[in-house]
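One structure is given below, encoded as structure tokens.
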Amino acid sequence: MIGITFNGTEYKVDSSLTILEAAKSIGVHIPTLCHLEGNHPQGACRVCVVEVAGANALVASCSTPVRDGMVIQTENRRVREARKTVVDLMLSEHVGDCRYCDRGDDCELQDLSNMLGLREPMYAGETPPSVFDLSTPALVRDTGKCIKCRRCVMVCNEVQNVGALFPQNRGFDTVIGPAFTRDLDTVACVQCGQCAAVCPVGAITEKSHIEQIHQALDNPEKTVVVQTAPAIRAALGECFGYEAGTLVTGKMVTALKLMGFDGVFDTNFTADLTILEEGSELLKRLKQTLVDGKPAALPQFSSCSPGWIKYAEYFHPDFLPNLSTCKSPQQMFGALAKSYYAQQIGVDPKDLVVVSVMPCTAKKFEAARPEMTQNGIPDVDYVLTTRELGQMIRSMGIDFRNLGDSAMDSPFGLSSGAADIFANTGGVMEAALRTVYEIVTGRDFPMDNLHVAPITGLEGIKEASVLITDPVDAWKFLDGVEVKVAVAHGLGNTEKVMELIRSGEKSWHFVEIMTCPGGCIGGGGQPRFTDDAKRRARIAAIYREDEGKPIRKSHKNPTIEAIYADYLKEPLGERSHHLLHTEYEK
Ligand code: HC1
């Protein structure tokens, strides 16, 4: 620890920090439009300038390390005027009318301009042309709104290892975008939307489905049902001023009913179903390999995160046979809604509209994939991000904070705690282990409070193993086998996992990959944030939801048992194969 002085008061801070980090650690706020916690400083926006005694010029606090005895002013006239100049210069080049901007109510540039008291432009400025990129199903780019902060570049290259976005040209002509300033569909973008989640302005946003959903809700010919992903309930509240990690499951259901949906269902139901199908698939692959002498593709990779599927298609096509053939819970829900449920309620699948609420922009792309249809009808019609749902609720005049709680509808409303934790990194794996262990041994899953501690938390790559002893007769070949698993979140960590597998350094049986840092709770469609505190709060909330459930294992969900008895018959059976599984080809 070293001693430094902030605004006249002495503090002890960690010597490894930058001024910006040290200020945060003692509760002093320094504004920034380019910094992303946990990543190296960019020094791009210069909004975080501070005065350091003895230095001639103001310094960027994000890229200046603290030194013992440093005396720092984060706020005085000189600092304030410098920040005003910087922000005003950004505004002078920023195309757009706040009245019509998607970020009108949560723009960091507008907030900062207000905070600094900017009331009229100091510089007339020249604005660059606004070029729209509407090429992908998930994202919209508007180059005119871009303030060149490079957060998207950082997250796309360093966190996600995708490299779809980077700065081109110089000075005023700088454009942040795909190579040769072309559209996103010309490069290996996985549409995860992490760029849209960290953009401080409206330069990259999700492609909205709000208008199409209003039209469907207004159409008396259509029956419109909605499913809500596991991660929504721990984050939607933030759109209405709740602290991160406030669970709003019941209010969310009430709001969706008030909006006019004919059925409000839970993607968690099909998350439970995924565990039965994906767990059975793992056991089948192990049997083929260990007993039948026909080595199956191992490790098996989870397949519910569409950004990861796209990443594998682009960068690791030789591993596509290792992807579980299970459709994601979103798509399983759509397929069941348009078959089993449509039949039950006597509606032609063509007149049933399935809407999803997802924390993920890539789910829009997943729903549009040609594999995700039956007889030409898409499993899922429209996908709203958490942010879009918040916007829709507000626009329909629903007073979210004062709503009571409602329960999800039958038959797809009941789920286990294992389904809840799909939202967290490590959750799919833990849910699978809870079920597979019990199927194989016939005994209760032995982990403390059912959690597999080594694969919880925000470590980038996590590993665990479970030793199988004394299995039931059907699985005798697994006696003494140590089932080894791994978990990665964020595609940068995923790439490291792939290197470990390719080099032979690791030989896991099952690997969970989630595209976004933290898992779906940190998805590109969630209420925006740039630090880990919100990820942690949402993760804790999801574990609370799991621990509060009377049923915490997917195979113990009675409605899952019922749908197998009535309709699907058995995991990996013919109907499951037809409705719930797919194959990916490059
Ligand atoms: Fe996810 Fe999933 S957990 S992918 O993270 O498998 O988006 O929440 O809905 O489909 O269930 C996202 C979340 C989500 C699917 C499930």
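The values are calculated or read from the model by the stated rules, or taken from the named source; none is laboratory data. None of the values given here were measured: they were computed from a predicted structure. All Cβ positions, even for glycine, are placed from backbone atoms using ideal geometry, and neighbour counts span all protein chains on display. Only protein heavy atoms, including side chains, enter the accessible area calculation; ligands, DNA and RNA are left aside. Shrake-Rupley method; radii C 1.70, N 1.55, O 1.52, S 1.80 Å.
Results, tabulated for the structure shown:
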| quantity | calculated |
| --- | --- |
| Spread of Cα-to-Cα distances over 5 Å intervals beginning at zero, given as percent, for region 506-586 | 3, 11, 12, 13, 15, 19, 17, 8, 3, 0 |
| Point-to-point label distance, I210-F319, nm (Cα→Cβ direction, 7 Å offset) | 3.8 |
| Mean separation of Cα contacts under 8 Å (6+ apart) over length of the chain, as relative contact order % | 15 |
| Hull shadow area, averaged, region 387-457 [alpha-carbon convex hull, nm²] | 7.5 |
| Per residue, in Å², the accessible surface of region 444-496 once ligands and nucleic acids are set aside, probe 1.4 Å | 46 |
| Accessible surface, per residue, of region 1-128 when the full set of protein chains is kept, probe 1.4 Å, Å² | 54 |
| Amide N of region 188-204 lying under 19 Å from the label point, which is placed 7 angstrom from the Cα of C98 along Cα→Cβ | 199-204 |
| C-alpha long axis of helix 306-315 to longest principal axis of the chain, angle in ° | 80 |
| DSSP-assigned coil residues among GluC sites (Glu not before Pro) in region 355-397, each with at most 14 further Cβ atoms within 10 Å | E371 |
| For region 105-155, Kirkwood radius (reciprocal of mean inverse C-alpha pair distance, Å) | 13.5 |
| Histogram of C-alpha separations across the chain, 20 Å bin width, % | 20, 51, 25, 3 |
| Portion, in percent, of the accessible area of the chain that falls on carbon or sulfur, probe 1.4 Å | 50 |
| Over the chain: helical MRE at 222 nm, DSSP H runs n ≥ 4 each giving -39500 (n - 2.57), nearest 500 | -9000 deg cm²/dmol |
| Dimensionless Rg/Rh of region 530-570 - Kirkwood Rh, Rg from C-alpha atoms | 1.27 |
| Over 32 Å (Cα to Cα) - which of K207/K287; K364/K496; K350/K549; K257/K556 fall in this group | K207/K287; K350/K549 |
| Acute angle (nearest 10 degrees) that the helix 386-395 long axis makes with the longest principal axis of the chain, alpha-carbon atoms | 80 |
| Per-selection metrics, region 227-353 (Cα): Rg and Dmax in Å | 18.6, 57 |
| C-alpha long axis of helix 77-93 to longest principal axis of the chain, angle in ° | 60 |
| Whole-Hz ³J(HN,Hα) from phi, Karplus 6.51 cos²θ - 1.76 cosθ + 1.60, for region 479-490, glycine and proline x | 4, x, 7, 9, 7, 9, 10, 9, 9, 9, 9, x |
| About the Cα centre, charge dipole magnitude for region 499-577 (Lys/Arg +1, Asp/Glu -1 at Cβ), debye | 280 |
| Rounded D (µm²/s) - region 293-426, Kirkwood Rh over Cα pairs, Stokes-Einstein at 4 °C, 1.567 mPa s | 75 |
| Relative contact order, percent, region 420-526 [alpha-carbon distance under 8 Å, six or more residues apart] | 28 |
| For region 337-414, diffusion coefficient by Stokes-Einstein and Kirkwood Rh (Cα), 25 °C, 0.890 mPa s, µm²/s | 169 |
| Sequence-separation-based contact order of region 70-158, relative, with Cα cut under 8 Å and 6+ spacing, percent | 31 |
| Cleavage-rule hits, GluC sites (Glu not before Pro), region 447-532, DSSP coil, Cβ neighbours within 10 Å at most 10 | E505 |
| Cα shape, region 429-586, gyration tensor, a/c 1.5 rule | rounded |
| Rounded, prolate or oblate (a/c below 1.5 giving rounded, otherwise prolate when a/b exceeds b/c) for region 52-101 by Cα gyration tensor | prolate |
| Per-q log10 I(q)/I(0), region 69-148, q = 0.21, 0.24, 0.27 Å⁻¹ (Debye; single scatterer per alpha-carbon; no solvent) | -1.03, -1.23, -1.40 |
| Estimated distance in nm for a label pair at R401 and T127, the labels positioned 7 Å out from Cα along Cα-to-Cβ | 3.4 |
| K294/S135 FRET efficiency (R0 60 Å; Cβ-Cβ; nearest 0.05) | 0.90 |
| Candidate residues R78, R285, R182: accessible-area rank, largest first, probe 1.4 Å | R182, R78, R285 |
| Linear extension gain, Y567 paired with A533, 0.36 nm per residue minus alpha-carbon span | 7.9 nm |
| Rounded accessible area per residue of region 160-281, 1.4 Å, Å² | 32 |
| Label-point separation in nm, Q344 to E499, each point 7 Å along Cα→Cβ | 4.8 |
| Between region 471-497 and region 276-345, the Cα center-to-center distance that results, in Å | 15 |
| Additional length obtainable on full extension of the chain from N449 to T9, 0.36 nm per residue less Cα span | 153.8 nm |
| Region 469-521, Cα convex hull volume normalised per residue, Å³ | 104 |
| Region 417-500 - Debye-derived log10 I(q)/I(0), Cα point model, q = 0.15 Å⁻¹ | -0.58 |
| Alpha carbon Rg of region 280-371, scaled by the compact-globule rule 2.2 N^0.38 Å | 1.33 |
| Rg and Dmax [Cα atoms of region 187-302; Å; Rg one decimal, Dmax integer] | 20.2, 57 |
